[in-house]
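Undergrad: Here it is: the structure, laid out below.
The values are calculated or read from the model by the stated rules, or taken from the named source; none is laboratory data. Nothing here was measured: the structure is a model prediction, and the numbers come from that model. Glycine also receives a Cβ, built like all others from the backbone with ideal geometry; neighbour counts cover every protein chain displayed. The area values use the complete protein model at the heavy-atom level, side chains included, leaving out ligands, DNA and RNA. Shrake-Rupley method; radii C 1.70, N 1.55, O 1.52, S 1.80 Å.
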Amino acid sequence: MDQPLLGAASAPRCCSFNTVKSWLPILSWLPKYNLKWLQMDVLAGITVGLTTVPQALAYADVAGLPAQFGLYSAFMGGFIYMFLGTSKDVTLGPTAIMSLLCFSVVGGEPHRAVLLSLLCGLIQATMALLRLGFLLDFISFPVIKGFTCAAAITIGFGQVKNILGLHGVPSQFVLEVYYTFAKIPEARVGDVVLGLVCLAFLITLTFMKRTLPEEDEVPTLSRVARKVIWTVATMRNALVVIGASVVAFSWEAYGYDVFTITGKTAQGLPPFRPPPTSDTTANGTTVTFGEIVKDFGEGLAVIPFMGLLESIAIAKAFGSQNGYRIVANQELLAIGLTNIMASFVSAYPVTGSFGRTAVNSQTGVCTPAGGIITSAIVLLSLAFLMPAFYYIPKASLAAVIICAVAPMADYKVVMKMWRIYKLDLLPFGVTFFVSFWEVQYGIIAGIAVSGALLLYNTARPRIKMFDHDTLVLEFRSGLSFPASEYLSHFIHTNALQASPPRSVVLDCHHVSGIDYTVVNELTDLQRQFKVQAVRLVFARLEPSVLKVLLAADLQDLRHRDTVEDALQESQNLHSD
């Protein structure tokens with residue numbers, strides 16, 4: 001199927017039109033839109049919509065908010081992203097990770113969650129306008145994996161109480177574990193049975209979908225059966241929630257209170273209004289905007305970054321898989337504006353969803369217009385189906401969440417890090433364990449450890465030493481000012497303080513840049529070598545580095561194109 005490459009615009013007719021297209025990627029694919037794309041977008045939009053509604057209701061519980069807030073957060077992204085997004089596959093909305101982060105910052109207070117969405121959106125959009133997307137590169141993969149693994153365990157175990165039908169369990173992870181086990185004798189049989197049946201159904205359908213052969217590998221008559229299985233497995237969340245709701249309604253109709261149900265939710269579309277900039281406590285005290293922002297603390301930095309990171313990582317993954325490129329700063333703008341506008345319809349912070357994006361891609365979506373259909377399904381659910389949501393058992397939503405987050409607990413990544421680079425286990429472990437205390441602290445701690453390791457590697461460059469009567473020091477990485485003191489100490493110890501002092505050849509073919517601090521240290525070393533009647537010779541300097549050294553007027557600079565020539569020069573003490 002001919003699909004648009006949304007990340008690459010066609011040749012511009014003029015600079016102004018090219019600029020407009022860079023800010024509105026919809027102009028790159030809309031002129032080529034056709035009936036075939038419309039059919040595929042509608043099919044994908046419906047499929048994703050049937051996945052979005054039950055997940056949104058479930059994630060609202062993770063965020064500690066009433067169920068309708070999950071749906072409030074699930075429809076604005078489809079409208080905004082159609083105009084601004086550069087990926088045909090990405091769907092924006094509530095996710096498990098963002099819901100957990102939101103709960104950790106606002107503690108389940110709706111007004112603050114909505115304000116948090118506005119502030120996150122403003123931060124994200126500002127980053128996009130200032131082209132600050134590169135800052136995300138400083139969050140390393142071990143930190144991301146440590147956080148997602150801890151989040152999967154935290155979110156998954158947090159739903160065990162709903163499977164068991166328990167009440168009065170604290171949300172802090174350690175206390176949650178303790179009280180969940182302590183209250184097991186209070187478990188409700190109906191919730192346990194229903195929850196386990198839902199889990200078994202979801203796991204079975206997930207396994208069936210993963211083991212389905214490719215369409216071209218099965219006979220023509222079997223392709224219909226394959227499509228039916230694939231469709232049922234794709235809509236498994238909706239089927240589970242609908243089936244469980246019918247069961248709960250049937251028992252309620254006969255007067256049996258067997259299941260813990262969602263209960264009454266606000267019906268209708270949310271009002272379009274600015275998010276509240278102040279709050280009122282239970283005792284009537286007014287909390288000002290400044291006080292709320294202060295209460296958000298470091299969460300106001302963590303949540304926007306994690307939202308951007310999650311969405312861009314998903315967009316890049318599916319762009320690579322489906323043969324198009326995304327524009328990172330444009331993605332920042334899309335998600336930032338989505339969070340800003342979503343705050344006007346009572347949404348909490350959203351980002352790209354990996355699971356729903358995968359469904360979107362697998363269904364064959366052609367453009368971001370599929371998100372409009374998904375958003376329409378969410379709006380229809382808000383307008384007409386909210387009374388039916390009253391009977392949704394919490395155990396069924398818990399099963400949906402547990403199956404959604406289970407793949408995030410990737411234990412195999414630990415073995416990969418051990419084989420590839422063992423030191424990566426340090427930021428991974430710090431992030432993982434601290435996240436059980438406070439999620440945002442885990443991320444900050446992991447970034448700090450990663451930064452410390454990065455700085456250590458910069459300050460302690462690898463130096464390989466060869467002894468040819470004259471010492472040959474080969475730098476295995478670049479040189480910058482944090483390394484200047486270490487470099488000076490290393491040369492002093494191995495050459496100038498030796499008895500007798502020894503000449504040194506610095507093999508610099510791996511050094512692509514050098515700064516003033518290092519040049520100043522080399523000038524001082526050159527002077528000390530001259531006093532000791534030995535030589536410091538440079539070999540295989542890059543032209544850019546040689547130009548800097550010449551511009552610095554390094555005294556008695558000696559440079560040769562090969563190490564052998566440099567060795568000869570160092571041993572010729574009476575030349576010149």
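Undergrad: Among the residues of the range 556-568, is there at least one that is under 30 Å from G451 (Cα atoms), open to solvent by 20 Å² or more (accessible area, probe 1.4 Å) and out of contact with any Gly (no Cβ under 8 Å at 6 or more places or on another chain)?
TA: no
Undergrad: I've got another one for you. Are any of the residues in the range 542-552 under 46 Å from the mean Cα position of the chain (by Cα), farther than 20 Å from S477 by Cα and either touching a residue at least 12 places away in the same chain (Cβ under 8 Å) or not in a helix (DSSP H, G or I) (or both)?
TA: From the range 542-552, those under 46 Å from the mean Cα position of the chain (by Cα) are 542-552; that's our starting set.
Checking the rest, the ones that are also farther than 20 Å from S477 by Cα come to 550-552.
Remaining after also requiring either touching a residue at least 12 places away in the same chain (Cβ under 8 Å) or not in a helix (DSSP H, G or I) (or both): 552.
Checked the range 542-552: at least one residue is under 46 Å from the mean Cα position of the chain (by Cα), farther than 20 Å from S477 by Cα and either touching a residue at least 12 places away in the same chain (Cβ under 8 Å) or not in a helix (DSSP H, G or I) (or both).
Undergrad: Regarding the range 315-333, can at least one residue be identified that is touching a strand residue (DSSP E or B) at 6+ places or on another chain (Cβ under 6 Å), closer than 19 Å to G93 by Cα and buried (at least 19 other Cβ atoms within 10 Å of the Cβ)?
TA: There is no residue in the range 315-333 that is touching a strand residue (DSSP E or B) at 6+ places or on another chain (Cβ under 6 Å), closer than 19 Å to G93 by Cα and buried (at least 19 other Cβ atoms within 10 Å of the Cβ).
Undergrad: Given the criterion under 28 Å from the mean Cα position of the chain (by Cα) and of a type in the set (F, W, Y), identify the matching residue among Y390, Y421.
TA: It is Y421.
Undergrad: What's the total number of residues in the range 26-73 that are outside any helix (DSSP H, G or I) and among the hydroxyl-bearing types (S, T, Y)? Even if it seems obvious, please write down each step before you answer.
TA: First, pick out the residues of the range 26-73 that are outside any helix (DSSP H, G or I): 33-34, 63-67, 73.
From what's left, among the hydroxyl-bearing types (S, T, Y): 33, 73.
The number of residues fulfilling the criteria is 2.
Undergrad: Additional query: Could you check V293 against (1) among the β-branched types (V, I, T); (2) in a helix (DSSP H, G or I); (3) closer than 30 Å to P393 by Cβ and say which number it fails?
TA: That leaves (3) as the condition not met.
Undergrad: Evaluate the following for Q571: is it surrounded by 13 or more Cβ atoms within 10 Å (Cβ to Cβ), without any contact (Cβ under 8 Å) to a residue 40 or more places away in the chain and of a type outside the set (G, A, S)?
TA: No; evaluated as a whole, the condition is false for this residue.
Undergrad: Give the range 94-114 a look and list any residue that's part of a loop (DSSP other than H, G, I, E, B) and surrounded by fewer than 24 Cβ atoms within 10 Å (Cβ to Cβ), or say none.
TA: Answer for the range 94-114, where residues must be part of a loop (DSSP other than H, G, I, E, B) and surrounded by fewer than 24 Cβ atoms within 10 Å (Cβ to Cβ): G107, G108, E109.
Undergrad: Any residue at all in the range 231-239 that is of a type in the set (A, V, I, L, M, F, W, C) and closer than 29 Å to F436 by Cβ?
TA: No; the residues of the range 231-239 include none that is of a type in the set (A, V, I, L, M, F, W, C) and closer than 29 Å to F436 by Cβ.
Undergrad: Also, quick follow-up: When you look at T285, is it without any contact (Cβ under 8 Å) to a residue 40 or more places away in the chain and touching a strand residue (DSSP E or B) at 6+ places or on another chain (Cβ under 7 Å), yes or no? First the steps, then the outcome.
TA: Working: without any contact (Cβ under 8 Å) to a residue 40 or more places away in the chain: yes; touching a strand residue (DSSP E or B) at 6+ places or on another chain (Cβ under 7 Å): no.
The answer is no for T285.
Undergrad: For the range 270-282, how many residues meet the condition of being more than 29 Å from the chain's Cα centre (by Cα), surrounded by 15 or more Cβ atoms within 10 Å (Cβ to Cβ) and part of a loop (DSSP other than H, G, I, E, B)?
TA: Number of matching residues: 0.
Undergrad: Just the residues that are in a helix (DSSP H, G or I), loosely packed, with under 13 Cβ neighbours inside 10 Å and small (G, A, S), please, taken from the range 163-202.
TA: A182, A200
Undergrad: Another question, if that's okay. Yes or no: the range 86-93 includes at least one residue that is in a helix (DSSP H, G or I) and either closer than 30 Å to L239 by Cβ or open to solvent by 10 Å² or more (accessible area, probe 1.4 Å) (or both).
TA: No - not one qualifying residue is present in the range 86-93.
Undergrad: Here are the criteria: (1) over 46 Å from the mean Cα position of the chain (by Cα); (2) at pLDDT 85 or above; (3) not in a loop (DSSP other than H, G, I, E, B). Tell me which single one E569 does not satisfy.
TA: Going through the list (1) over 46 Å from the mean Cα position of the chain (by Cα); (2) at pLDDT 85 or above; (3) not in a loop (DSSP other than H, G, I, E, B), E569 breaks only (2).
Undergrad: Between a residue in the range 416-445 that is over 22 Å from A301 (Cβ atoms) and modelled with pLDDT of 90 or more and any residue that is β-branched (V, I, T) and part of a helix (DSSP H, G or I), which pairs come within a Cβ distance under 8 Å, given they are 6 or more apart or on different chains?
TA: Cβ pairs passing all conditions: L425/V414; L426/V449.
Undergrad: Looking at the range 288-297, can you tell me whether even one residue there is at pLDDT 85 or above and open to solvent by less than 10 Å² (accessible area, probe 1.4 Å)?
TA: Within the range 288-297, one or more residues are at pLDDT 85 or above and open to solvent by less than 10 Å² (accessible area, probe 1.4 Å).
Undergrad: In the list A225, A248, A233, which residue meets the criterion of being of a type in the set (A, V, I, L, M, F, W, C), surrounded by fewer than 19 Cβ atoms within 10 Å (Cβ to Cβ) and in contact (Cβ under 8 Å) with a residue 24 or more places away in the chain?
TA: Among A225, A248, A233, only A233 is of a type in the set (A, V, I, L, M, F, W, C), surrounded by fewer than 19 Cβ atoms within 10 Å (Cβ to Cβ) and in contact (Cβ under 8 Å) with a residue 24 or more places away in the chain.
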